[in-house]
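Trainee: Can you keep this structure in mind? I'll have questions shortly.
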Amino acid sequence: MSQNINRKVDIIIPVYNAFDDLKKCVESLKSHTDLSIHRIIFINDCSSDEKILPYLHEQSDKNIILINNEKNKGFSANVNIGIEYSNQDVILLNTDTIVTHQWIEKLSRCAYRQESIATVTPLSNNATLCSVPLFCEENEIPEGVSVDEYAREIERISLKRYPIIPVAVGFCMYIKRKVIEEVGLFDAKTFGRGYGEENDFCNRAIQLGFCHVMCDDTFVYHKGSESFLEKEKKEYMLQNDKILRKRYPYIMKEVLDVYLRQMPNWEINANAKLFTKVSFSNKKKN
């Protein structure tokens, strides 16, 4: 399979408020994304922050597209709007992320290592099963280390195993176009407000023989969602988890159990722990 790292990719970014996070995300995208090849598609979901829309208009260019909703449609519907606008592979990206050196090239290269790969998720400080150094924890970047420096260190210490994972993590999710054509769009009717829509998509892909992979030499910073109040977030997560377990009882249990028994990412987590420990130790000495 071709591993052409210049493959065109559309980056789909649903936007709802969070102006400061959005600015940091855009700055990182402009620093680390070749916009002569790739496109950014912003979907403004009727943000109430009056700074958002003018800022997005300022960014608009040949390969930076703005779609503005006149009413709020929810995360899943916005993803579908972006997917339907595009005809390329896509990356779903949260606004509270900071991308790093050659992130698209590495994700794309990983995706095309095998025909059966549907999605690719990078490592992050806050991405459940793709979190480093602590698995399923919200981790901090070591003090005195920039996001880019941390990302380069992750790439250096990675064994590049690209392990199969049960599902992608939606903060930064690379999806092949051919998979979208076979699996379909996100289920916006069921998961309109978010939490669970990417798991539903991933399980449908598994049913068709595809798999999901962690790109363990790529790091994308993720601050963590502020879309919902904590109580509301938990309610949606519990409600949607019940739906997923009912729809995919075997996949939800067996695939996750196998992953947790094998823990294929233990080496990168261990290496990242060591780097973090050394970084903190050096900081104290200085």
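Trainee: Of everything in the range 133-163, what is part of a helix (DSSP H, G or I) and of a type in the set (D, E, K, R)? Give them in sequence order. Break it down stepwise before answering.
Mentor: Taking the range 133-163 first, the residues part of a helix (DSSP H, G or I) are 147-157.
If the condition is that a residue be part of a helix (DSSP H, G or I) and of a type in the set (D, E, K, R), then Asp148, Glu149, Arg152, Glu153, Glu155, Arg156 are the ones that fit.
Trainee: With (1) closer than 23 Å to Pro122 by Cβ; (2) modelled with pLDDT of 95 or more; (3) surrounded by 14 or more Cβ atoms within 10 Å (Cβ to Cβ); (4) out of contact with any strand residue (DSSP E or B) (no Cβ under 8 Å at 6 or more places or on another chain) as the list, and Lys178 as the residue in question, which single condition is left unmet?
Mentor: Of (1) closer than 23 Å to Pro122 by Cβ; (2) modelled with pLDDT of 95 or more; (3) surrounded by 14 or more Cβ atoms within 10 Å (Cβ to Cβ); (4) out of contact with any strand residue (DSSP E or B) (no Cβ under 8 Å at 6 or more places or on another chain), only one is false for Lys178: (3).
Trainee: Collect the residues in the range 239-266 that are surrounded by 13 or more Cβ atoms within 10 Å (Cβ to Cβ) and at pLDDT below 85, keeping them in residue-number order.
Mentor: Let us first name the residues in the range 239-266 that are surrounded by 13 or more Cβ atoms within 10 Å (Cβ to Cβ), namely 239-241, 243-244, 247-248, 251-252, 255-256, 259, 264-265.
Ile251, Met252, Val255, Leu256, Tyr259, Pro264, Asn265, listed by residue number.
Trainee: To continue, here is another question. The conditions are (1) in a loop (DSSP other than H, G, I, E, B); (2) within 15 Å of Thr97 (Cβ to Cβ), and Asp34 fails exactly one of them. Which is it?
Mentor: Evaluating Asp34 over (1) in a loop (DSSP other than H, G, I, E, B); (2) within 15 Å of Thr97 (Cβ to Cβ) leaves (2) as the failure.
Trainee: If you take the residues of the range 135-157 that are over 23 Å from Leu29 (Cα atoms) and surrounded by 15 or more Cβ atoms within 10 Å (Cβ to Cβ), which of them is modelled with the highest pLDDT?
Mentor: Ile157
Trainee: Another question about this same structure. Test of understanding: among Phe201, Phe186, which residue is crowded, with 19+ Cβ neighbours inside 10 Å and either modelled with pLDDT under 80 or part of a loop (DSSP other than H, G, I, E, B) (or both)?
Mentor: Working: Phe201 fails: either modelled with pLDDT under 80 or part of a loop (DSSP other than H, G, I, E, B) (or both).
Every option except Phe186 fails the conditions.
Trainee: Here is a further query. Within the range 172-207, how many residues are touching a Ser or Thr at 6+ places or on another chain (Cβ under 9 Å), charged (D, E, K, R) and free of Cβ contacts under 8 Å to residues at least 60 places away in the same chain?
Mentor: Adding up the residues that qualify gives 2.
Trainee: Now for a different question. Taking Asp21 as the residue in question, decide whether it is part of a helix (DSSP H, G or I), of a type in the set (Asp, Glu), surrounded by 14 or more Cβ atoms within 10 Å (Cβ to Cβ) and within 21 Å of the chain's Cα centre (by Cα). Show your work before the answer.
Mentor: Numbers: part of a helix (DSSP H, G or I): yes; of a type in the set (Asp, Glu): yes; surrounded by 14 or more Cβ atoms within 10 Å (Cβ to Cβ): yes; within 21 Å of the chain's Cα centre (by Cα): yes.
Criteria met by Asp21.
Trainee: Give the residue that is nearest to the chain's Cα centre (by Cα), with candidates limited to residues of the range 209-234 that are modelled with pLDDT of 95 or more and either of a type in the set (S, T, N, Q) or surrounded by fewer than 17 Cβ atoms within 10 Å (Cβ to Cβ) (or both). Spell out the reasoning first.
Mentor: Taking the range 209-234 and keeping what is modelled with pLDDT of 95 or more, we get 209-223.
With the extra rule that they be either of a type in the set (S, T, N, Q) or surrounded by fewer than 17 Cβ atoms within 10 Å (Cβ to Cβ) (or both), the set shrinks to 209, 211, 218.
Working: Gly209: 22, Cys211: 16, Thr218: 11 Å.
The qualifying residue nearest to the chain's Cα centre (by Cα) is Thr218.
Trainee: Another question, then. Which residue is farthest from Ile251 (Cα to Cα), if the candidates are limited to the range 204-224 and must be of a type in the set (A, V, I, L, M) and not in a strand (DSSP E or B)?
Mentor: First, pick out the residues of the range 204-224 that are of a type in the set (A, V, I, L, M): 205-206, 208, 213-214, 220.
Narrowing further to those that are not in a strand (DSSP E or B): 205-206, 208, 220.
Working: Ala205: 11, Ile206: 8, Leu208: 12, Val220: 27 Å.
The extreme case among them is Val220.
Trainee: May I ask you to verify whether Ser48 is over 25 Å from Phe219 (Cα atoms) and either touching a helix residue (DSSP H, G or I) at 6+ places or on another chain (Cβ under 6 Å) or among the small types (Gly, Ala, Ser) (or both)? It would help to see each step written out before you state the result.
Mentor: Details: over 25 Å from Phe219 (Cα atoms): yes; either touching a helix residue (DSSP H, G or I) at 6+ places or on another chain (Cβ under 6 Å) or among the small types (Gly, Ala, Ser) (or both): yes.
Yes, satisfied.
Trainee: Only one of these conditions is not met by Arg113: (1) surrounded by 20 or more Cβ atoms within 10 Å (Cβ to Cβ); (2) closer than 18 Å to Phe210 by Cα. Which number is it?
Mentor: If we test Arg113 against (1) surrounded by 20 or more Cβ atoms within 10 Å (Cβ to Cβ); (2) closer than 18 Å to Phe210 by Cα, just (1) comes out false.
The values are calculated or read from the model by the stated rules, or taken from the named source; none is laboratory data. Here the structure is a predicted model, which is why all the values come from computation and not from measurement. Note that we place each Cβ from the backbone using ideal geometry, even for glycine, and neighbour counts take in every protein chain shown.
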